[in-house]
Amino acid sequence: MGAVTILPTFLSANKLLLFVCLIVLSLKEGYATAEAESHTIHVASLLPSSVCTPPATAKGLDKKSFLQVIHKHGPCSQLHEEKANIPTHAQILLLDEVRVKSIHSKLAKKLGSVNVMKKDAAANLPAKDGSVVGSGNYIVTIGLGTPKKNLRLMFDTGSDITWTQCQPCLISCYKQQDPIFSPSSSSSYSNVSCSSAACTSLNSATGNSPVCSSSTCVYGIQYGDSSFSIGFFAKEKLTLTSNVVFDNFLFGCGQNNQGLFGGAAGLLGLGRNKLSLPSQTAIKFKKIFSYCLPSSPSSTGFLKFGNDGLSKSVKFTTLSTIPGGESFYGITIIAMSVGGKKLSISASVLAAGGAIIDSGTVITRLPPTAYSALRSAFRKQMNQYPMAKSLSILDTCYDFSKYSTVSIPKISLFFEKGVEVPIDVRGILYVNSISQVCLAFAGNSNDFDVLIYGNTQQKTLEVVYDGTRQMLGFRTGGCT
């Protein structure tokens, strides 16, 4: 009996070997492509450490204008909150929703005069659009006065005025970790008069008309979560670092303060108004600042002013202005991708309500049409993992308790000028526990609400604000 022919007559043994090699290479390329389109991570790494990691450094960073950024509820913070006062993830997300609703509401500004030194004055203050102090996560330390007193303040790109609690706390001061600032102990402190242009500027910065107390200008600002600060508008020496000092910095010296501040001494306003820190220091820093938010509460990031040492790898897109929200930093997102594939979302959907980037909002809010497409694509690529119950506003959650490693599809945002911003895996996920790990995006109520690029999705990126050129830059791996 003759030999059985197992190869096609047109395929020699050498050609078969070549054919097999091509198949193997194709499979390898397929695996490599799959790896390139997803993050493979150890599940245990999703949980924050209880130990603070060493301070972040950045290559080429000019330490003269460098402030360390820490998460106010993490082990790097020295605010020493009582455990009972540390909010749960559900509470943080609830506060975040209050902030977002405040941004979306664009409350009408009631400009009537208010006697802000009365105990019930806060009830008459309209909320400044978009500002909810309780949801702010990140703090920096600055120096105020002569001699300098260090104060830990939450920083917020959605707020303009900088303020801190001040002695003698004429009405009320909440509990803070740092000693409350005492104007009478500083030789460089002075009140701002009611007749000054600076006092008049408070209207646009706080949403409220200033009032007078014995010819001294009095500010009042209330946030969307009912937190508020009321007190004297003043000038003082501001120390960012030992070599960077500004005289006559305008700030609020709070005499009546209440809210969810987590032990911080007040707030550092990084918005676009002329009373914000970037505007007041524009002669030196040209309205340029950047920050990197750490990957977890147990690590650190930075807040830097000026462009010295700015990396050439920063990619810039344009900043815009949102009608009715001039203090916010407007952006234009034109596309999104999941697992390396762009979603079928019209750029007009992403632009319908305008868009902003905000350091104080925790979770990025998308138009519901865009969020639905993102969620569908993400769930499709995560179908091998069991789903878990929703966590507050987060409706796509997974149980990783039976896994040691997981594969998470990569997500990117695309901006004007061809800028692609890949989201760090810790910015894709919001972790309540290993058995409840959620997609860290949410949808707005309708497509015409403003899109908000929140701080979770900014983790580990160096985000550069150039207010002079009206540009916004991004650099991956910014904290390390």
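FYI, it's all coordinate maths here, none of it is from the lab. Treat the numbers as computed from the prediction; the structure is a model and nothing was measured. Positions of Cβ are generated from backbone atoms using ideal geometry, with glycine treated the same way; all protein chains shown enter the neighbour counts.
Values computed for the structure shown
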item	result
Amide hydrogen neighbours beyond the local backbone of Gly74, cut-off 5 Å, H modeled	none
Under-5 Å amide H pairs with Ser188, H placed in peptide plane, nonlocal only	Thr146
Of the trypsin sites (Lys or Arg not before Pro) in the stretch 386-440, those whose Cβ has at most 15 other Cβ within 10 Å and which sit in DSSP loop	Lys389, Lys402
Principal axis dimensions, largest first and in whole angstrom, of the stretch 167-243 by Cα	33, 30, 27
Sorted peptide list for 346-353, 455-462, 390-397, criterion being average Cβ within 10 angstrom, highest first	455-462, 390-397, 346-353
Gyration tensor verdict on the stretch 126-271 (Cα atoms; rounded if a/c is under 1.5, prolate if a/b is larger than b/c, oblate otherwise)	rounded
Estimated vicinal HN-Hα couplings, Hz - the stretch 327-341 in sequence order (Karplus 6.51, -1.76, 1.60; Gly, Pro = x)	7, 7, 8, x, 9, 10, 9, 10, 6, 9, 9, 10, x, x, 10
Amide H contacts of His39 (H built 1.01 Å from N, under 5 Å, at least 5 apart or other chain)	Ile408, Lys410
Measure of compaction for the stretch 245-324 (Cα Rg per 2.2 N^0.38 Å)	1.34
Long-range tail of P(r) for the stretch 326-462 (Cα pairs > 24 Å, %)	25 percent
Phi-based couplings in Hz for the stretch 307-316 (Karplus 6.51, -1.76, 1.60; Gly and Pro marked x)	10, 4, x, 5, 5, 6, 7, 5, 9, 9
Computed over the stretch 418-480, the ratio Rg/Rh where both radii use C-alpha atoms and Rh is Kirkwood	1.04
